[in-house]
1. Checking the conditions here, which among 35, 55 is without any contact (Cβ under 8 Å) to a residue 24 or more places away in the chain, out of contact with any Gly (no Cβ under 8 Å at 6 or more places or on another chain) and assigned to a strand (DSSP E or B)?
2. Which of the residues that make up the stretch 275-288 are in contact (Cβ under 8 Å) with a residue 40 or more places away in the chain and under 10 Å from residue 264 (Cα atoms)?
3. For the stretch 365-405, which positions are at pLDDT 75 or above, part of a helix (DSSP H, G or I), out of contact with any strand residue (DSSP E or B) (no Cβ under 8 Å at 6 or more places or on another chain) and not charged (D, E, K, R)?
4. For the stretch 309-357, give me the residue count where each residue is crowded, with 17+ Cβ neighbours inside 10 Å, of a type in the set (A, V, I, L, M, F, W, C), outside any helix (DSSP H, G or I) and within 21 Å of the chain's Cα centre (by Cα).
5. Only residues in the stretch 302-314 that are charged (D, E, K, R) count as the first member; pair them with residues that are part of a loop (DSSP other than H, G, I, E, B), Cβ under 9 angstrom, at least 6 apart or cross-chain, and list the lot.
6. Can you find a residue in the stretch 261-279 that is surrounded by fewer than 19 Cβ atoms within 10 Å (Cβ to Cβ), among the β-branched types (Val, Ile, Thr) and either touching a Cys at 6+ places or on another chain (Cβ under 7 Å) or under 24 Å from residue 367 (Cβ atoms) (or both)?
7. Considering the stretch 74-99 alone, what residues qualify as being out of contact with any strand residue (DSSP E or B) (no Cβ under 7 Å at 6 or more places or on another chain) and modelled with pLDDT of 50 or more?
8. Might you check whether a residue that is closer than 17 Å to residue 387 by Cβ, in contact (Cβ under 8 Å) with a residue 40 or more places away in the chain and not basic (Lys, Arg) occurs anywhere in the stretch 228-245?
Amino acid sequence: MSKLTNARIAAAVNGGTAAWLSDGGSLYFKTNGKGQASWVFHFRNGSGRSSAGLGSFPAVTVMQARAARDAERVAVRQRRASPAATPLIGVPCGPEGMPSGAPTLPVGETLADAVRVYLVNHAAEWSEKGALENRQRMVEMHCAALLKRPLASITRDEIAAVLRQNWKGPSVGLGCKLMGLLNKVFSSHGLQTAAWKGNLEHVLSRANTKTNHHPSLPWQDTPAAFQALGACSGNAATVARVAQWCILTGCRSEEACQMQWSELTQGHALGLDMWTKPDAQTKTRQAHQVPLTGAMIALLPPRKPDGFVFLASNTATGKVNAGSVLKLIKKLCPGVEVSTHGFRSTIYVWAAEHDLDDTLVDGVLAHASGDRTKDAYKRTQMLKQRRQFLDAWSAYVAYSNFTTLAHVA
């Protein structure tokens, strides 16, 4: 049913003329010919037709628009069945995970409908790219036999049978993630079918399988990898700069790909002093400041008023693809298990082997302590100490210089 591709969408946005494109299923892509576009869902309302805006592009991707269209369709049917009911789309969520004042789904609504509604209403809670699509795909792939079943008719044993295919314990793995999502969907409608405590714990193993962590590059090999990235040319050069930025800052690859010029603030002798990652783009959902070092600033292209810092010439949005960063790193490190996320582990091991404070490392990597009370009382960002830490790390990686390590408090 879906018709639109990313290439066709990009061509419409940059085409210079206003256009309406159909994606099928009453979902339309509307562009004004001036680089602005949005998603619209048409539906029948009584004897006439109505429309609902589903957000602007590229803030709302085509996959998110399709999910929002499906959820809005459920809400339309709900309003027809109960005229007094309030729509689910766009309603603030209450403490129990349901929209404030919104009714539960009508009797007979399926698991597929309930999942779509839940994901759209909670989409703002996830910062990673493709979060909504990935969660919807996970349910569709592993719960296919239950998707068309009424929510209230699904039993604990049926949920357990689905989870058992990927079960590695209640705290690790895909089974744990799927259980958590299903539990939120069911509990938002007053059902405990997918709850662990007092329910699934009686039919699934409580033992957790050992987790396989992201492979990381030994810190001793990092300067050589950094220099190899610096030698890249052509289209690979920009991707390499993103990888080098991840190595020096310890940020996640998607954060580096999404970095905007507006996030870099003035103050340094070279013109820039601090990178402030917006809360919407961090895993902890809190803004995080990264003191810039000379080696970091050397990676930046000529400054522009706004837009992405690292611009790709071969993507529709101009943003570097995080997958391209990983692909390049693996190409330059043949025979070595490595990942972009593993660079964070590399920094942690380097700090540990040089007797640097764990709290300082957690601050550099924007780790949450897991202790809410401790986090509430920690009122300092330790920017001075973190700058010294990053100066030392940058000097070692970029210049194989250990002398600055003595200055880390």
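1. Sole residue among the options that is without any contact (Cβ under 8 Å) to a residue 24 or more places away in the chain, out of contact with any Gly (no Cβ under 8 Å at 6 or more places or on another chain) and assigned to a strand (DSSP E or B): 55.
2. The answer is 277, and nothing else.
3. Hits for the stretch 365-405 are 365, 385, 388, 389, 392, 393, 394, 395, 396, 397, 398, 399.
4. Residues that pass the stated criteria total 5.
5. Close Cβ pairs (under 9 Å, with a partner that is part of a loop (DSSP other than H, G, I, E, B)) amount to 303/271; 303/272; 303/309.
6. The answer is yes; a qualifying residue exists.
7. 74, 75, 77, 78, 79, 80, 81, 82
8. Checking the stretch 228-245: at least one residue is closer than 17 Å to residue 387 by Cβ, in contact (Cβ under 8 Å) with a residue 40 or more places away in the chain and not basic (Lys, Arg).
The values are calculated or read from the model by the stated rules, or taken from the named source; none is laboratory data. Please read these numbers as outputs of a predicted model, since none were measured by experiment. Heads up, the Cβs are rebuilt from the backbone with ideal geometry, glycines too, and the neighbour counts pull from every protein chain shown.
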